[in-house]
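What follows is a single structure, written as structure tokens, with notes after it.
The values are calculated or read from the model by the stated rules, or taken from the named source; none is laboratory data. Just so it is clear, the model here is predicted, and its values are computed rather than measured. Every residue, glycine as well, gets a Cβ built from its backbone with ideal geometry; the counts of neighbours run over all protein chains shown. The protein model used for the area step is the full one, side chains on, heavy atoms only, and it has no ligands, DNA or RNA in it. Shrake-Rupley method; radii C 1.70, N 1.55, O 1.52, S 1.80 Å.
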Protein chains: 2
Amino acid sequence: MKYPGSLINLIRELGKLPGIGPKSAQRLAFYLFNQPEEEIKSLAHALLDAQASLMQCSLCFNITDEPVCTICNDVSRESRIICVVEHASDLLAIERSGEFNGLYHVLTGSLSPMNGVGPDQLTIKPLLGRLEGIDEVILATATTVEGEATAMYLARLLSDLGVKTSRIAYGLPVGGDLEYADEVTLGRAIANRRVI
Amino acid sequence: MKYPGSLINLIRELGKLPGIGPKSAQRLAFYLFNQPEEEIKSLAHALLDAQASLMQCSLCFNITDEPVCTICNDVSRESRIICVVEHASDLLAIERSGEFNGLYHVLTGSLSPMNGVGPDQLTIKPLLGRLEGIDEVILATATTVEGEATAMYLARLLSDLGVKTSRIAYGLPVGGDLEYADEVTLGRAIANRRVI
């Protein structure tokens, strides 16, 4: 038996999502078909609405539905510190921690020459345009190879411009058991120890 | 920071899908936002197209984009045997096995009085209307409690009508190691042993 064309198409589209393989895509498609008509429509419209209304903040490149995001618009925030992250989801993770009250800058990725991502593919130029009156730039890119390289690149660039830069701390995660920590993390946690 | 409304809505809609929790839904939403505009549109349109064009076969309740599905329309198939399954996805699984060349009947579920699913919620009445000239009905519902109960119910109903019914075989899956089989399956495999 051949699948109907629109079912094949739906399975293919669902299978493009990260973490969803062909089997899961098929299961999702059949699940959706068994739902009331409104369910599948409301998912489709949520996708179209999000696509139509969401954009990048013109200052910090956070996801927003207004030209300037609520963080950049918030006058109560410390506007002399910028925290640089790779993705808007990283920004939200830091916001959830409640430890930072400055502004952000979303790079929209990390340097990865192998994948054709150089400084021009990231929002580095707009970042340099925001440095007027900034006291400190915190580099909160991921602790992956690409994230490290991006932080190093930015640190050099910013120190040449005389801007104070810092890097988020390495160490053991809170609640982490030493036994299960990898050697590099443990080594860094010891090297970066603090007097108490 | 508050998420934009359309992003919250998209995350909520994605989170309704089976196997996708709030964290995965958020990850999918951010992933989609990072894709080219056409990607998110084509997923939305695939959903709407599927919703608009797919329907249940008027004879067997398989998923189809025509009033009668390609299996029911196929004159080369053995039309005197009906294989009863719970879901259209089960039908496709049997089709992939290549072991069956008869017709199907999709119940669209299994009897589950606890969840308010009785015989009237399934396509049992249309099945009874298809029995004219049928030699055998194979009950291929799942080997779960609900699937078993449904098979038992149908077996009694069909034998009262003088129709030959059979149940798919229980036993060890092909490639299965005895050590890892559960006791009930192993017990059934021994009870249903065949002379070779």
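Answer yes if at least one residue in the range B:80-100 is within 14 Å of chain A (Cβ to nearest Cβ), of a type in the set (D, E, K, R) and touching a residue at least 60 places away in the same chain (Cβ under 8 Å), and no otherwise.
Looking through the range B:80-100, at least one residue is within 14 Å of chain A (Cβ to nearest Cβ), of a type in the set (D, E, K, R) and touching a residue at least 60 places away in the same chain (Cβ under 8 Å).
Which one of these is in the same structural domain as B:Glu136 (by TED's automatic domain parsing), open to solvent by 40 Å² or more (accessible area, probe 1.4 Å) and not basic (Lys, Arg): B:Glu86, B:Glu37, B:Glu66, B:Glu95?
The unique qualifying residue is B:Glu66.
For the range A:61-70, how many residues are within 11 Å of chain B (Cβ to nearest Cβ) and touching a strand residue (DSSP E or B) at 6+ places or on another chain (Cβ under 6 Å)?
1
What pairs come out if I take residues in the range B:17-40 that are within 10 Å of A:Leu17 (Cα to Cα) and more than 7 Å from chain A (Cβ to nearest Cβ) and pair them with residues that are open to solvent by 70 Å² or more (accessible area, probe 1.4 Å) and among the hydroxyl-bearing types (Ser, Thr, Tyr) whose C-beta lies under 7 Å away, six or more apart or interchain?
Here the result reads none, with nothing in the range B:17-40 linked to a residue that is open to solvent by 70 Å² or more (accessible area, probe 1.4 Å) and among the hydroxyl-bearing types (Ser, Thr, Tyr).
For every residue, the table says whether it meets (1) under 20 Å from A:Ser97 (Cα atoms); (2) surrounded by 10 or more Cβ atoms within 10 Å (Cβ to Cβ); (3) in contact with a helix residue (DSSP H, G or I) (Cβ under 6 Å, 6 or more places away or on another chain); (4) not assigned by TED's automatic domain parsing to the domain that holds A:Ser97.
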{"residue": "A:Asp135", "(1), (2), (3), (4)": "no, yes, no, no"}
{"residue": "A:Leu139", "(1), (2), (3), (4)": "yes, yes, yes, no"}
{"residue": "A:Thr143", "(1), (2), (3), (4)": "yes, yes, no, no"}
{"residue": "A:Ala151", "(1), (2), (3), (4)": "no, yes, no, no"}
{"residue": "A:Arg156", "(1), (2), (3), (4)": "no, yes, no, no"}
{"residue": "A:Asp160", "(1), (2), (3), (4)": "no, no, no, no"}
{"residue": "A:Glu183", "(1), (2), (3), (4)": "no, no, no, yes"}
{"residue": "A:Leu186", "(1), (2), (3), (4)": "no, yes, no, yes"}
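What number goes with the only condition from (1) among the polar types (S, T, N, Q); (2) touching a helix residue (DSSP H, G or I) at 6+ places or on another chain (Cβ under 6 Å); (3) over 28 Å from A:Pro18 (Cα atoms) that B:Thr70 does not pass?
Failing condition for B:Thr70: (2).
Scan B:Leu14, B:Leu7, B:Leu43 and give me the residue that is touching a Leu at 6+ places or on another chain (Cβ under 7 Å), part of a helix (DSSP H, G or I) and more than 7 Å from chain A (Cβ to nearest Cβ).
B:Leu14
Here is a check on your reading of the model: is B:Leu157 out of contact with any His (no Cβ under 7 Å at 6 or more places or on another chain), modelled with pLDDT of 90 or more and closer than 30 Å to A:Pro22 by Cβ?
no
Please give the number of the condition A:Lys2 fails out of (1) at pLDDT 90 or above; (2) at the interface with chain B (Cβ under 7 Å from one of its Cβ atoms); (3) closer than 19 Å to B:Arg96 by Cβ; (4) surrounded by fewer than 18 Cβ atoms within 10 Å (Cβ to Cβ).
All conditions are met except number (1).
Counting only residues that are more than 7 Å from chain B (Cβ to nearest Cβ) and of a type in the set (A, V, I, L, M, F, W, C), how many does the range A:46-60 have?
5
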